[in-house]
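**Q** First the structure, then my questions, so here it is.
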Amino acid sequence: MKTALITGITGQDGSYLAELLLEKGYKVYGIWRRKSVVDYGNISHIKGKIKLIYADLTDYVSLVNAVKTSHPDEVYNLGAQSFVGTSWEQPLVTANIDAIGVSNILEAIRIAKPDAKFYQASTSEMFGMVQEIPQTENTAFYPRSPYGVAKLYGHWITKNYRESYNLFSCSGILFNHESERRGEEFVTRKITLSVAKIKLGLQDCLELGNMDSKRDWGHSSDYVRAMWLMLQQKKPQDYVIASGETHTVREFVNLAFGRVGIELEWSGVGIEEQGVDKATGKIIVKVNPKFFRPAEVAFLLGDSTKARNELGWKNEIPFNSLVERMVDSDLKLLS
């Protein structure tokens, strides 16, 4: 029986990965931080099947103890300050967790379990102001937020430990991936939750930022499968994981409202843009300048040819289904 240690296990990706590994017969350990109120997050339904260890990515000693306790064959570092917007408000916290935290867990593995295979959650936000379209493993990075910069450090230190200490350490450069378990602060979940509330008469209007931002969206359950596949290879490599399609925030909004039978008509440009319910004439979507980033990432589109050819990976849940699943889940949650 293989053993895995997952940081960020209570989050979206951590919970889907834990489910996948349990299905494959793994013994699963998860790292979580001590809080005044116990919160199992997305793993409430499987908490009896996994072993939880109190530790923190900013506390090297606790990570060494976690590695010694779990004695893992595989370590998945999914713990992070993962919200781009917050990284502008808390840049130093973001750097300590998303950058230095990766060094801490890598060093803990090097000292306590150097034969463990390591996965680092890198991100398409490292491409930022994209230097080519689509983005591949060889595309130059140009991050546009404290989050992207911190993640770039984590990406390069993972590569450094691979080349310097011969650790099996690799990164998955994952493009946007969402799900019914996405946190409410993320734009996709904000949209689907607001759509459900507006449909049920619990909210009047949805306010958003840049409607023209283009993203490559997939479902988290597909993407965690790619993480596992990377650690089953003979040698560690980095891989772009993406759907290969790009859609605007406006397209996401149209699909989400369409799922509940509301057709939108758009007017205005930029911060004047608004969406009107065709049936009632009510303005139910507005652009609010406060939701624009200090430095925008306008266009992300990933090329996962390498992962498809070498890992045999593919995304099975298309964009339309992703949006519909999220809306249906929020309707059920509120009802």
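**Q** How large is the convex hull of the Cα atoms of the stretch 1-153 per residue, expressed in Å³ as a whole number?
**A** Values: hull volume 19.3 nm³, N = 153.
Looking at the stretch 1-153, the number lands at 126 Å³ per residue.
**Q** Under a 1.4 Å probe, what is the accessible area of the stretch 220-335 per residue, stated in Å²?
**A** Numbers: 5580 Å² over 116 residues.
The answer is 48 Å² per residue.
**Q** Distance between the C-alpha centers of the stretch 1-27 and the stretch 204-234? Whole Å please.
**A** Computed from Cα coordinates, the inter-centre distance equals 18 Å.
**Q** For GLY30, list long-range residues whose amide hydrogen, built 1.01 Å from N in the peptide plane, is under 5 Å from its own amide hydrogen.
**A** Those lying under 5 Å, H to H, from GLY30 are ILE6, LYS51, LEU52, ILE53.
**Q** How would you order 50-56, 209-215, 71-77 from highest to lowest mean count of nearby Cβ atoms within 10 Å? Walk me through the intermediate numbers first.
**A** Details: 50-56: 17.7, 209-215: 19.6, 71-77: 23.3.
Top of the packing list down: 71-77, 209-215, 50-56.
**Q** Would you grab the residues whose amide H sits under 5 Å from the one on SER169? Only those 5+ places off in sequence or on another chain, please, with H modelled 1.01 Å from N.
**A** Amide H to amide H, under 5 Å and 5 or more residues apart or across chains, SER169 pairs with PHE118.
**Q** How big is the dipole moment of the chain about its Cα centre under a simple scheme where the beta carbon of each Lys and Arg is +1, that of each Asp and Glu is -1, and everything else is neutral? Debye, nearest 20, please.
**A** Working: 40 positive and 40 negative charges, 218 e Å.
With Lys and Arg at +1 and Asp and Glu at -1, about 1040 debye.
**Q** Which of (1) 59, 39, 35; (2) 63, 61, 45; (3) 63, 44, 38 is the computed Cα extents along the principal axes in Å for the structure on display?
**A** (3)
**Q** For the pairs LYS190/LYS235; LYS51/LYS151; LYS151/LYS190; LYS113/LYS151; LYS49/LYS197; LYS51/LYS214, flag any whose C-alpha to C-alpha distance is greater than 31 Å.
**A** On the way: LYS190/LYS235 39 Å; LYS51/LYS151 27 Å; LYS151/LYS190 24 Å; LYS113/LYS151 24 Å; LYS49/LYS197 34 Å; LYS51/LYS214 39 Å.
Checking Cα-Cα distances, LYS190/LYS235; LYS49/LYS197; LYS51/LYS214 exceed 31 Å.
**Q** Let me ask something additional. By how many degrees, between 0 and 90 and to the nearest 10, does the Cα long axis of helix 249-259 differ from the longest principal axis of the chain?
**A** 70 degrees
**Q** Average the reciprocal distances over every distinct pair of alpha-carbons in the stretch 135-272, invert the result, and give the Kirkwood radius in Å. All intermediate terms of the calculation are to be shown ahead of the outcome.
**A** On the way: mean 1/r = 0.0568 Å⁻¹.
Kirkwood radius, the stretch 135-272: 17.6 Å.
**Q** If you don't mind, another one. With every protein chain left in place, what is the accessible area per residue of the stretch 32-177 in square angstrom, probe 1.4 Å? Mind showing how you got there, number by number?
**A** Numbers: 6570 Å² over 146 residues.
Result: 45 Å² per residue.
**Q** Hey, another quick one. For a quick check of your reading of the filter: which trypsin sites (Lys or Arg not before Pro) in the stretch 246-290 sit in a DSSP loop and have no more than 15 other Cβ atoms within 10 Å? Display every interim value, and only then the final one.
**A** On the way: sites: ARG250, ARG259, LYS278, LYS282, LYS286, LYS290; in loops: LYS278, LYS282.
Answer in residue order: LYS278, LYS282.
**Q** Just the number, please: carbon plus sulfur as a percent of the accessible area of the stretch 244-335, 1.4 Å probe, no ligands or DNA/RNA counted.
**A** Numbers: 2370 of 4840 Å².
Heavy-atom surface of the stretch 244-335 belonging to carbon and sulfur, 1.4 Å probe: 49 percent.
**Q** Short version: ³J(HN,Hα) in whole Hz for each residue of the stretch 231-247, in order, from phi by Karplus 6.51 cos²θ - 1.76 cosθ + 1.60 (θ = phi - 60°), x for Gly and Pro, what are they?
**A** Taking θ as phi minus 60°, the curve returns 8, 9, 7, 6, 9, x, 9, 9, 9, 7, 10, 7, 7, x, 10, 10, 9 Hz for the stretch 231-247.
The values are calculated or read from the model by the stated rules, or taken from the named source; none is laboratory data. Small disclaimer: the values here were computed from a predicted structure and weren't measured. Positions of Cβ are generated from backbone atoms using ideal geometry, with glycine treated the same way; all protein chains shown enter the neighbour counts. Ligands, DNA and RNA are excluded from the accessible area calculation, which covers all protein heavy atoms including side chains. Shrake-Rupley method; radii C 1.70, N 1.55, O 1.52, S 1.80 Å.
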